[in-house]
Amino acid sequence: MNFGKGMFLWKLIYCENGNPQAIAEAAHSAGLSHVLLKIANWSYPYNVSADIPAIVSALKIKGISVWGWHYIALENPTGEGAIAVNLVDKFGLDGYCIDAESESKNKPIQTATFMNYLSRYMRVPIALSSYRYPRLHPEISWKTFLYGCNYVMPQVYWMKANNPGEQLRACYNEYNSLQLKLGMLPLPMIPTGSAFYE
């Protein structure tokens, strides 16, 4: 898959007032090749008040690839896997991105259950969006996540900093080193920067 510039969208009703055509036009005008829509939080659908099918259709008409992203907690790993597969299929998405943060720490069995479910039923590419420096978060089951993914999309946010290039290089090197230590070739990296205020 050819990735250029992309964007994660969180609360769709606040993006161009939720208007599918306006969202697609803004994305096209910005030169985006892909957009990731938040589709689930834990084991529940997200953005239920937005017209996701129309947004997906409008973006695809503009030639923009549409992925779904999902903030997981692994409290119910099978349920979280099931909602992910169901929504990706329902909306005809091109890919699926796992957002694994603090709630995913210290849950190796749950991580394995979740990733096993995805490996059986998910029919699109899978990406992992997580911390920029994996060595600082050993509680994440990196091996289990990474072996089940096709891409990494680390969160290289640079707010309150003046060295985004240095942070990106460090992130890239850490992910590559980690994967080589795990005996795998490094996955293609699509880093995520910040387009919001903190």
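The values are calculated or read from the model by the stated rules, or taken from the named source; none is laboratory data. Computed from a predicted model, the values in this text were never measured in an experiment. A quick note on method: Cβ atoms are made from the backbone with ideal geometry, for glycine too, and the neighbour counts reach across all protein chains shown. Keep in mind that these areas ignore ligands, DNA and RNA; they rest on the heavy atoms of the full protein, side chains included. Shrake-Rupley method; radii C 1.70, N 1.55, O 1.52, S 1.80 Å.
Structure data summary
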{"item": "Phe114 vs. criteria aromatic (Phe, Trp, Tyr), crowded, with 20+ Cβ neighbours inside 10 Å and touching a Pro at 6+ places or on another chain (Cβ under 9 Å)", "result": "yes"}
{"item": "Candidate set: region 149-177, residues that are open to solvent by 40 Å² or more (accessible area, probe 1.4 Å) and among the aliphatic types (A, V, I, L, M); chosen: the one farthest from Leu118 (Cα to Cα)", "result": "Ala161"}
{"item": "Cross-chain or 6+ apart pairs with Cβ under 7 Å, region 152-163 first and at negative phi, then in a loop (DSSP other than H, G, I, E, B) and charged (D, E, K, R)", "result": "Pro154/Arg132; Gln155/Arg132; Val156/Arg132; Met159/Glu198"}
{"item": "Residues located in region 28-49, provided they are open to solvent by less than 50 Å² (accessible area, probe 1.4 Å) and more than 22 Å from Lys90 (Cα to Cα)", "result": "Ala30, Gly31, Leu32"}
{"item": "Number of the condition not met by Ser129 [criteria: (1) free of Cβ contacts under 8 Å to residues at least 40 places away in the same chain; (2) surrounded by 15 or more Cβ atoms within 10 Å (Cβ to Cβ); (3) not aliphatic (A, V, I, L, M)]", "result": "(1)"}
{"item": "Residue within region 133-148 that is buried (at least 19 other Cβ atoms within 10 Å of the Cβ) and closer than 22 Å to Ser33 by Cα present", "result": "no"}
